[in-house]
1. At a 1.4 Å probe radius, which order do B:Tyr45, A:Tyr52 fall into by accessible area, largest first?
2. Peptide B:25-34: average number of partner chain Cβ atoms within 10 Å per residue?
3. Ordering A:Asp14, B:Asp14, A:Asp57 by how much accessible area each has at a 1.4 Å probe, largest first, what is the list?
4. Sort B:132-138, A:259-265, A:343-349 by packing, meaning the average of other beta carbons within 10 Å per residue, with the highest value first.
5. Heavy atoms only, probe 1.4 angstrom, no DNA, RNA or ligands counted: give me B:Thr105, B:Thr160 ranked by accessible area, highest first.
6. Only counting protein heavy atoms at a 1.4 Å probe, give the residues of segment A:1-43, ordered by number, whose accessible area falls by 20 Å² or more when the other protein chains are present relative to the chain alone.
7. Could you sort B:66-72, A:296-302 so that the peptide with the highest average Cβ count within 10 Å comes first and the rest follow in order?
8. Ignoring any ligand, DNA or RNA, what whole percent of the accessible area of segment A:14-59 comes from carbon and sulfur when the probe is 1.4 angstrom?
Amino acid sequence: MSCDWTEKISLLIDGELGPEETAALQKHLRDCADCRSAQADFLLLRREIGSYESELDPIAQQQALQNIFASERAAQPDFTSLKNQRVAPSLPSLRERLFGGPRLSPALMAGFALLLIGTIVGLAVYLNSRRTTQSIAVSAPSGANTSENIATPRPQSSVSPRESVAVEKGNREMRVPSNNSVDGRINTPVALAADRKNERKRLLSVGRNGVERANDVARTAVRQSAPDESLAPAEPSYVAVSNTAPYVRVFDPAVSGTAQQRTTRHVEQAQVLLRSFRNTRLAARGPATDIAYDKKRSQKLLYQNIVLRREASKTGDVPVEKLLSSLEPILLDIANLPDRPARDDVRSIKERMQRKNIVAMLQVNSTGASRSY
Amino acid sequence: MTSEDEEFAMFFQDQYPNLCRFLECMLGGRSGAQDIAQESFMQLYRTGFRTLPEGEARFWIYRVARNFALNELNKGQTRQRLFDKVVEAFRPSKFPDPAEEFEATERRAIVLEMLKSLPEDQRSALLLREQEEMSYREIAGVLGVSESKVKVDIFRARNTLRERWHRKQKSYASTGA
């Protein structure tokens, strides 16, 4: 059945033979029935294999493209600066932002937050200045107390000339009875400096946590001024993922779209993540596979999932709540994996995903929901 | 949508069906093929479609897809998942005639069965040649092997399938099927 020239037939039908070799082979084909049969068979195989068609659903194809765009957008959280604003799909006009809708606008809320911070700072400065005034004006009842009230001067290197003069002055002139101090402490210059230092620390901590505190404060202000439960702060919340990870913007239910749209988007993103995780190759030996990217995405989706699940529970959407409840432990497990996890850890999560058939459940949910729009 | 996204979308619409077809033949069925195809395009999108030289994206995507397919084959998870079976049962047929549909299904099954019998490297090379019409040089680039290996693999694949095909014809003829 085979001839020495058979291999050249394969090259001939692929156009990989030079002109001289082609001519020689054509001449051989005229005389060799085996080679003619081989040529016919190779061409038949080409027809069968080449005509194989995948039964692709056009909707599924479009969905795959949307999943790719959506997952990339979702996988780029804002780590760079806490000052970055959320990107809403469509920003309302200035008028709507200031006065429109049942929610208070970001501008008004930011105003509330600044007002409160200003009040706290002003109060601190006022209290501080009162303490200073009181400590200078009051005198001790007896000379015997003077020596007790004199603070031990700090080492020379840490005391500025002005402070050392003040200490000396205090030593000679200041008499401070303990019952005149504001908080029960003896108000010596060093104690005052310590007070100022503590106050500075307190104010700095307000500033450092300003974003989180401002949000909390703003939320409190909103709640106090408008008890309506539907009001929610439009600013996104920032939650520390870990001590080493930067703040991650948590999905805010009030930001954009209906609950159903948000859930659908979330389910699509979760689907993409789980598929990617399912396709992770585990090295038989050597260093473990790096899943840092999947882990990061899982962390983000986990917070989104918690928010949406609670929302579904609140609105009584039982099927969605159940779906998100099934999804949540898997997201949590992936998020908690080290960047280079052990084979067994990854395998056990994959097995659980398979037992729950979670990817299929997500796919059914997202296909059904997207078709209803 | 940015212009890069538009270009990517056009490339996707163009190549996605072909890539799915290649992956189905590699994996011996539809199960997992679309997942891997989507993941491959996602990798391309992440890498940056425009960072690749002109015309290189197509070979890049097949290279990545094939690696994913190999992972899948190594895992041994080629059984069709329950959900896929359900979807397939409800998929509307594009053949008005049931007999036509049956024949098309049968032929698809025969092709898949024959390809499954080949070693993976021969299967990849043959599919890229017969379905994607890549040259030997291009196939060598995608698979990361030499041109002479591609040449040998394709010939051996064809020879093997030819022999099986003849054996099958003979067995049909003898049983009268």
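1. Values: B:Tyr45 50, A:Tyr52 10 Å².
My answer, sorted largest first, is B:Tyr45, A:Tyr52.
2. Numbers: counts 3, 0, 0, 0, 0, 3, 0, 3, 2, 8.
Mean inter-chain Cβ contacts per residue within 10 Å come to 2.
3. Numbers: A:Asp14 15, B:Asp14 95, A:Asp57 45 Å².
Greatest to least solvent exposure: B:Asp14, A:Asp57, A:Asp14.
4. A:259-265, B:132-138, A:343-349
5. Details: B:Thr105 65, B:Thr160 45 Å².
The ranking, largest first, comes out as B:Thr105, B:Thr160.
6. Going by heavy-atom accessible area, the residues of segment A:1-43 that drop by at least 20 Å² are A:Met1, A:Thr6, A:Glu7, A:Ser10, A:Leu11, A:Asp14, A:Glu16, A:Asp41, A:Phe42.
7. Values: B:66-72: 19.6, A:296-302: 22.1.
Highest to lowest by the protection proxy: A:296-302, B:66-72.
8. Values: 1330 of 2580 Å².
The nonpolar share, carbon plus sulfur, comes to 52 percent.
The values are calculated or read from the model by the stated rules, or taken from the named source; none is laboratory data. The shown structure was predicted, so the numbers you read here are calculated from the model rather than taken from an experiment. So basically every Cβ, Gly included, is an ideal-geometry build from the backbone, and we count neighbours across all protein chains shown. These accessible areas exclude ligands, DNA and RNA; they are computed on the full protein's heavy atoms, side chains included. Shrake-Rupley method; radii C 1.70, N 1.55, O 1.52, S 1.80 Å.
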